[in-house]
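The values are calculated or read from the model by the stated rules, or taken from the named source; none is laboratory data. Computed from a prediction, not measured in an experiment: that's the story for all the values here. Quick reminder, even Gly has a Cβ in these numbers, built from the backbone with ideal geometry, and neighbours come from all protein chains shown. Side chains included, ligands, DNA and RNA excluded: accessible areas come from the protein's heavy atoms. Shrake-Rupley method; radii C 1.70, N 1.55, O 1.52, S 1.80 Å.
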Amino acid sequence: MPDPSRLITSLIKQGDLHDDRVIAAMQRVPRHVFVPEVPLDEAYANHPIAIGYGQTISQPTVIAIMTEALRLTGHERILEIGTGSGYQAAILACLAQHVYSIEILPILGETAQARLQTLGFTNVSVRIGDGYAGWPEHAPFDRILLTAAPRALPQMLVDQLAEGAILVAPIGGPSSTQRLLRFRKSGGNLEEQDLGAVRFVPMVRDERPKQDPA
Ligand code: SAH
């Protein structure tokens, strides 16, 4: 069984990982299971990995920063946009009450869901759909995490935040100008904090024609 300890030690040394609960989650989730096509040492290297269909699983540094930015205590209901491999969803599932994750590409979402089930995560729900609409049936959420970058913060997602809730997202168009932003909903306002430059795949729009209601 490969051991993420070396990766985790280096993330701590670099100052990207501090929180004991996040450290334990990164220790527990077997990253290689989420990237079955790459060699084991690649799976535990500190860089992003292609997961097919033009998508990537984020670099562990970015996973650590985003997860810590959510300030999870164990009681939260989280919405994640961009299930991808399911790795980030698994980390969140270790740290919160329930994770609702939306993926636009059916093959990725279905594979991730099967993987999470096999690993025994019972508190993650994956839905195939367009993240711009959020998941109104389960709103409001205590946390929302976007792992694909929209050009601007989608209002539908802001509307699905509970009072006091936190949303973390890479925002920006061309990948060189994206910023990782943290928003907190407070008394109807959004407080914004800039967590630095990042590079994510774009959050795409669902171009399929909508089905007419029967
Ligand atoms: N969190 C993932 C990595 C995500 S990569 C992991 O841990 O592996 C970004 C993902 O967002 C891709 O899988 C992409 O298909 C998905 N995506 C892009 N636009 C989307 C949208 N509008 N709604 C839902 N998912 C979207």
Practice task
Go through 115, 127 for me and flag whichever is within 12 Å of the ligand (Cβ to nearest atom), over 13 Å from the mean Cα position of the chain (by Cα), not small (Gly, Ala, Ser) and not in a helix (DSSP H, G or I).
Solution key: 127
Fill in the blank from the handout: For the stretch 90-110 the number of residues that are in a helix (DSSP H, G or I) and either modelled with pLDDT under 95 or surrounded by fewer than 20 Cβ atoms within 10 Å (Cβ to Cβ) (or both) is 3
Practice task
Please name all residue pairs, on different chains or six or more residues apart, with Cβ atoms under 9 Å, provided the first residue is in the stretch 94-107 and is touching a residue at least 60 places away in the same chain (Cβ under 8 Å) and the second residue is surrounded by fewer than 18 Cβ atoms within 10 Å (Cβ to Cβ) and part of a strand (DSSP E or B).
Solution key: 104/128
Exercise for the section: Evaluate the following for residue 11: is it more than 9 Å from the ligand (Cβ to nearest atom), in contact (Cβ under 8 Å) with a residue 24 or more places away in the chain and touching a Leu at 6+ places or on another chain (Cβ under 9 Å)? Expected result: yes
Exercise for the section: Please note which helices (runs of 4 or more DSSP H) are completely contained in the stretch 14-82 and include at least 3 residues that are modelled with pLDDT of 95 or more and open to solvent by 40 Å² or more (accessible area, probe 1.4 Å). Expected result: 20-28
Exercise for the section: Could you list all residues from the stretch 156-178 that are farther than 13 Å from residue 139 by Cβ and open to solvent by less than 20 Å² (accessible area, probe 1.4 Å)? Expected result: 166, 168, 169, 170, 172, 178
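So that you can scan it fast, the table gives a plain yes or no per residue for (1) modelled with pLDDT under 95; (2) in contact with a strand residue (DSSP E or B) (Cβ under 8 Å, 6 or more places away or on another chain):
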residue	(1), (2)
126	no, yes
159	no, no
170	no, yes
184	no, yes
187	yes, yes
192	no, yes
195	no, yes
212	yes, no
Completion exercise
Of the listed residues (153, 195, 145, 181), the one being free of Cβ contacts under 8 Å to residues at least 60 places away in the same chain, surrounded by 11 or more Cβ atoms within 10 Å (Cβ to Cβ) and part of a strand (DSSP E or B) is 181
Problem - Every pair of residues 6+ apart whose Cβ atoms lie under 6 Å, when the first sits in the stretch 41-65 and is in contact (Cβ under 8 Å) with a residue 60 or more places away in the chain while the second is near the ligand (Cβ under 8 Å from one of its atoms) - result: 55/84; 55/201
